[in-house]
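No value in this document is a laboratory result; all are computed from the given coordinates. Owing to the predicted nature of the structure, the values given are computational and were not obtained by experimental measurement. Cβ sites come from the backbone with ideal geometry, for glycine too, and all protein chains shown count toward neighbours.
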Amino acid sequence: MAQANRSFDVVIVGAGFAGMYMLHKLRGQGMTAIVFEAGGGVGGTWFWNRYPGARVDIRSLEYSFSFSEELENEWKWSEHYAPQPELLRYAEHVADRFDLKRDIVFNTRVEAAVFDEASNRWSVTTDGGDTVSAQHVVMATGSLSVPTNVDFAGIEDFGGTIYRTSQWPHEGVDFSGQRVGVIGTGSSAIQSIPLIAEQAAKMTVFQRTPNYSVPAHNGPIAEDVYADWTARRAEYRLAMKSTAGGFFNDPSEQLTLEAAPEHHATEFERRWQIGGFHILGAYADLGIDSEANKVAAAFAAEKIRSIVKDPAVADILTPKDYPWGTKRLCVDSNYYATFNRDNVELVDIKAAPIERITAGGVKTRDAEYSFDAIVLATGFDAMTGALDRIAITGRGGVRMKDRWAEGPRTYLGLMVSGFPNLFTVTGPGSPSVLTNMVTSIEQHVEWIADCLLWLRGRGAATIEATLEAENGWVDQVNEIAAGTLFPQANSWYMGANVPGKPRQFLPFAGGFGVYREICEEVVERGYEGFAVG
Ligand code: N01
């Protein structure tokens, strides 16, 4: 590290979209900052998740930075939903364009951050043995950056190769002629299965819980769409800030059961044909009213039956035990149709669980399967995983992991009481993963940057969430979640995919636009709920 043992205004952890923009923003304010990044390059999610078919599920025109007019003018997306290599090129372009890499230390993992109450400064230690001092720390560690450690018995015995979607080899993988087993049917699997199936001699998909998926209808962005976006971009970008998800999906205000069945059929079909998350906006109450939700679930089930030729396979692919949209909806290209291929087999491991991985493949309760390769698409320790893995110690020697033993507690998803001057970008308790992450990242980065300027203007040494404000916010986040159907699913939103993780709905479900206004009001009231020292 060129800048070893130095002192900074801010240490930023992570060089994904959040860390990069944070660095750029702070530099513009004349602040010194250094970024530590575990990976060998920028891009975060898009650096690691290189599995076949990886692409964004929010339209690229919207899933991109809006803070620089020049950047917007010089970058052109090729497809509605850009593939991972293009997103990584974009991240690289941003890093180069704003000359960010000179302040990013790659291949370096932050292991500890300790707040010193005497000096009001953080001491940040890396796995390279360096310790730097900073007034502030910004955790730009990502919401889905730590893979779950799924420990199948016998995994070390497997004679073939095991791949994880979230740690895919940079050189790619050629599955031609191979027998491939895929474990998991979340977004990562749903994107990769159709492409692996095209290569593999035989593919077996092990599904524990079926997911709802909608087609992306991806393709090149038509010139007239681009021209309109460019001409009206400022207006669109502004409007995005008031949406529930930080992206456009034409939300209807109509209640489901107030519409006729014929309306349901045409409205869901219209939105299915548009593709992506448009379908979430079909009616206003799909996420809060069980009876309304059943209408969407029935439409989805009918779609699966109409695409998948074998009724038994269609039945296994149809979710039955949680409301539609309460696990993250997947956006796919050809997922269900892939199960019509002769070389693809679906195994229901809820009915017959995996017992172990063997030297030759996978053994379930009912059968044994032979593979050359196994792909684990088994998910992430979402929203808290990366923070839990850093030894963050605040006032009184308290570890954040211990403070969060019963589930994360934050004020606005931005700060934690007892941990002064430490910010979490898109942290638990903020809209985060329910939104267009780039929109949420920009909002948080700008809020934090403004806050640091304000502190500097007052000559203040510290800012921290009060316990009272934090308790009030946690209650509000929980209350909003309880009014939705989300808690009825065993999802990663609920922490339910990690054994032993407290069951708590992690993001703020009140909508991005509402949340942004709350954050602005907090500032207008002189950083209400924060203690400044
Ligand atoms: O992970 P997941 P993911 N035995 O947790 C199964 C974002 N993302 O990486 O549901 C057997 O959704 C598990 O089964 P179950 C997006 O936000 C976005 O796919 O727990 N199976 C599930 O089927 C997404 O939601 C894109 O019963 C086991 C699967 O593994 C989030 O990342 C693309 C198991 C994990 O699915 C996570 O998606 C990719 C076990 N022991 C990801 N443990 C875009 O489109 C787990 N499973 C932009």
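Output the 0 to 90 degree angle, nearest 10, between the alpha-carbon long axis of helix 17-28 and the longest principal axis computed from the alpha carbons of the chain.
With both axes taken from Cα atoms, the answer is about 20 degrees.
Take the alpha carbon gyration tensor of region 37-188, find the square roots of its eigenvalues, order them as a ≥ b ≥ c, and report rounded if a/c is under 1.5; if not, report prolate when a/b exceeds b/c, else oblate.
The shape class here is oblate.
Note down the relative contact order for region 431-506 as a percent, whole number, built from C-alpha pairs under 8 angstrom at least six residues apart. Mind showing how you got there, number by number?
Values: 33 pairs, mean separation 10.8, N = 76.
Reported as a whole number, the value is 14 percent.
Can you give the FRET efficiency to the nearest 0.05 for TYR226 and ALA298, using r as the Cβ-Cβ distance and R₀ = 30 Å?
The calculated FRET efficiency here is 0.20.
What share of Cα pairs, in percent, lie more than 18 angstrom apart in region 169-222? Present the calculation step by step, with values, prior to reporting the outcome.
Working: 615 of 1431 pairs.
Roughly 43 percent, once rounded to a whole number.
Roughly how many Å is it from the Cα centre of region 313-361 to that of region 432-459, as a whole number?
39 Å
Rg and Dmax in Å for the chain, alpha carbons only: what are they?
23.2, 69
How big is the gap, in Å, between the Cα center of region 364-417 and the Cα center of region 164-205?
Cα centres, region 364-417 to region 164-205: 25 Å.
With a cut-off of 8 Å between alpha carbons and a minimum separation of six or more residues, what is the relative contact order of the chain in percent?
Relative contact order for the chain comes out at 19 percent.
Note down the relative contact order for region 360-458 as a percent, whole number, built from C-alpha pairs under 8 angstrom at least six residues apart.
This gives 15 percent for region 360-458.
Evaluate the charge dipole of the chain about its Cα centre and quote only its size in Debye, nearest 20, assuming +1 on the Cβ of each Lys and Arg and -1 on the Cβ of each Asp and Glu.
880 debye
Mind jotting down a quarter of the surface of the convex hull over the alpha carbons of region 127-208, in square nanometres, one decimal?
Spelled out: convex hull of the Cα atoms, projected over all directions, averaged, 8.5 nm².
With everything on Cα atoms, drop me the angle between helix 187-199 and the longest principal axis of the chain, reported from 0 to 90° to the nearest 10.
Value to nearest ten degrees: 50.
Could you tell me which of the pairs LYS202/LYS363; LYS401/LYS501; LYS202/LYS303; LYS320/LYS350 are separated by over 19 angstrom between their Cα atoms in the structure shown?
Working: LYS202/LYS363 17 Å; LYS401/LYS501 12 Å; LYS202/LYS303 25 Å; LYS320/LYS350 12 Å.
Check vs 19 Å cut-off fails for LYS202/LYS303.
Could you put GLU479, GLU86, GLU442 in order, starting from the residue whose Cβ has the fewest other Cβ atoms within 10 Å?
Values: GLU479 11, GLU86 17, GLU442 22.
Arranged by neighbour count, lowest to highest, GLU479, GLU86, GLU442 become GLU479, GLU86, GLU442.
Only Lys, Arg, Asp and Glu count, each charged at its Cβ (+1, +1, -1, -1), so figure out the dipole size of region 189-275 about its Cα centre, rounded to 20 debye.
Dipole magnitude for region 189-275 comes out near 500 debye.
Taking Cα centroids, how far is region 65-84 from region 218-286 in Å?
Region 65-84 and region 218-286 have Cα centres separated by 20 Å.
In region 67-217, what % of DSSP beta bridges are antiparallel (nearest 5)?
DSSP beta bridges in region 67-217 are roughly 65 percent antiparallel.
With a/c under 1.5 counting as rounded, go ahead and sort region 25-77 into rounded, prolate or oblate using the C-alpha gyration tensor (a ≥ b ≥ c being the square roots of the eigenvalues; past the cut-off, prolate if a/b is larger than b/c, else oblate).
Oblate, because a/c is 1.5 or more while a/b does not exceed b/c.
Nearest 10 degrees is fine. How inclined is helix 512-524 to the longest principal axis of the chain, computing both from alpha carbons?
The angle comes out near 10 degrees.
Give me the number: length gained by fully extending HIS93 to SER78, i.e. 0.36 nm times residue separation minus the C-alpha to C-alpha distance, one decimal in nm.
Here the segment from HIS93 to SER78 would lengthen by 3.9 nm.
Sort 385-394, 60-69 by the packing proxy (mean of other Cβ within 10 Å over each peptide's residues), most packed first.
Going from most to least packed, we get 385-394, 60-69.
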